[in-house]
Amino acid sequence: MNNDDFRQWSARAAEWGADYRNSLRDRPVRPLVKPGDIFKSIEAAPPETAEPMDAIFADFEDKILPGMTHWQHPRFFAYFPANAAPVSVVAEYLVSAMAAQCMLWQTSPAATELETRVVDWMRQALGLPEGFSGVIQDSASSATLAAVLTMRERALDWQGNKKGLSGQARVRIYSSDQVHTSIDRAIWVAGIGEDNLVRIPAAGRFRAMDTVALEAAIVADKQAGLLPAGIIACVGGTSTGGTDDIADVAAVAKRHGLYLHVDAAWAGSAMICEEYRHFWAGIERADSIVFNPHKWLGAQFDCSIQFLRDPESHVRTLAIKPDYLKTHGHDGIVNYSEWSVPLGRRFRALKLWFLLRAHGLDNLRTMIRNHIAWSEGLATRLAREPDFELVTEPMLSLFSFRHQAPSGSDPDEHNLRLVNAINDDGRIYLTQTRVDGRVAIRFQVGQFEATAGDVDTAFDTIAEVARALA
Ligand SMILES: *Cc1c(COP(=O)(O)O)cnc(C)c1O
């Protein structure tokens, strides 16, 4: 492709993107395809000769598009959102065009310095105190892995990376039973082992971990000669929004000298609104906090910020400084590859800069407040229906519910069938979870372009499909 073609096809792609966005409300949120359909439609062997772009683009529209789940669809109420505000897509076009590898300050000074600046903008926007610095990671999973590695190294007096874990004291990490599976995987990958992730029971409306049980577990482990290293708390867990009492957890962490990482991957975005910050009161005492602007806030995937109260132990855990990577003679230079597990880094700060400037915090706050109000409205409406029950009350914009199964049929099977039927209907997209062992249907509003009318459509769809099934 020469530069003239590049110009033409880039323009065509941008046109296509705008048309695509305009068409979303008319498309089913989840595609109506069977496993293997798309695979079978793609040539089995790679092309020996060049093909014209027209043919490639036509196949994209004919073969790929019908097999896409539309995450930017205004009636996407499943999982958590992965919003890509149009302005952040524009920034990503520019990032793609420059295609810089931003591992070191000198490999892209602007990417590094803008990252420092927008991370600090987000710190202010979330109401975190001065002194927190941070880095943009690819995902919350990576941030949590980095935090777990830091916990391990601190506890092992920096000997884990060097000597490995065999022969060392057994490192122990604590979390509630509501945390995301990325915590399990961080524990596996860090070599700590799932048996050493101590799950503290959670209770109450927000399923907060029992901090008395937490402290008892730490004390018991110390007495048994094990090595408590850190605590992972969550604000807005994936299943039903489980939220720990961060101040209480931080007090336990402090008493025992443990590193505290807070996973607020989804809920962190809501903290741009002061009235929701009570959900993470005490957050200033965390050592590490992760939140994903690529979820609710609107920065195109991927963009996950990890805030650090003191980056020293984090960087000491992760930095490798082979000679060929050294940036000589520049004091005070930040090389963000020393703050993450992967070496190579995309320029992720640009889309956040574009997003925050084009929307302003006030518009983003309005969006979040609307989502929460609409979600609460829908929860209230469903709770009033005789054949629906709320399973968990709204935590920000997430709640879960269940439909009464017809007599004689299994409630779990009925609700699983209901989710499938709702999703096959195409107007909306939902996912399910288990609460205390029983199936519940999750609902969250978070899509950038969702309206109150879309949430009304959700009510109609849920009620109609459920009654047709029962
Ligand atoms: C989405 C989510 C994660 C995982 O985020 P990735 O960026 O996909 O790794 C972790 N924790 C919580 C609470 C989440 O909602």
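Would you check if there is a residue in segment 93-100 being of a type in the set (Phe, Trp, Tyr), open to solvent by 50 Å² or more (accessible area, probe 1.4 Å) and farther than 30 Å from Val455 by Cβ? Yes: one or more hits. Is it true that some residue in segment 23-30 is surrounded by 12 or more Cβ atoms within 10 Å (Cβ to Cβ), of a type in the set (D, E, K, R) and touching a Phe, Trp or Tyr at 6+ places or on another chain (Cβ under 8 Å)? Yes, that holds for at least one residue.
All conditions in (1) touching a residue at least 60 places away in the same chain (Cβ under 8 Å); (2) part of a helix (DSSP H, G or I) hold for Ser141, with the sole exception of (1).
Filter segment 144-158 for residues that are part of a helix (DSSP H, G or I) and more than 21 Å from the chain's Cα centre (by Cα); which is nearest to the ligand (Cβ to nearest atom)?
The qualifying residue nearest to the ligand (Cβ to nearest atom) is Met151.
Restricting to segment 170-198, name every residue that is more than 16 Å from the ligand (Cβ to nearest atom) and open to solvent by 50 Å² or more (accessible area, probe 1.4 Å).
The answer is Arg170, Glu194, Asp195.
Going residue by residue through segment 81-98, is there one that turns out to be part of a loop (DSSP other than H, G, I, E, B), under 18 Å from the mean Cα position of the chain (by Cα) and away from the ligand (no atom under 16 Å from the Cβ)? Yes: segment 81-98 contains one or more residues that are part of a loop (DSSP other than H, G, I, E, B), under 18 Å from the mean Cα position of the chain (by Cα) and away from the ligand (no atom under 16 Å from the Cβ). Residues considered: Ser88, Ser108. Of these, the only one that is crowded, with 17+ Cβ neighbours inside 10 Å and more than 18 Å from Pro293 (Cβ to Cβ) is Ser108.
The values are calculated or read from the model by the stated rules, or taken from the named source; none is laboratory data. The structure displayed is predicted, hence computed values, not measured ones. Positions of Cβ are backbone-derived with ideal geometry, glycine not excepted, and every protein chain shown enters the neighbour counts. Surface areas here come from the heavy atoms of the whole protein model, side chains and all, with no ligands, DNA or RNA. Shrake-Rupley method; radii C 1.70, N 1.55, O 1.52, S 1.80 Å.
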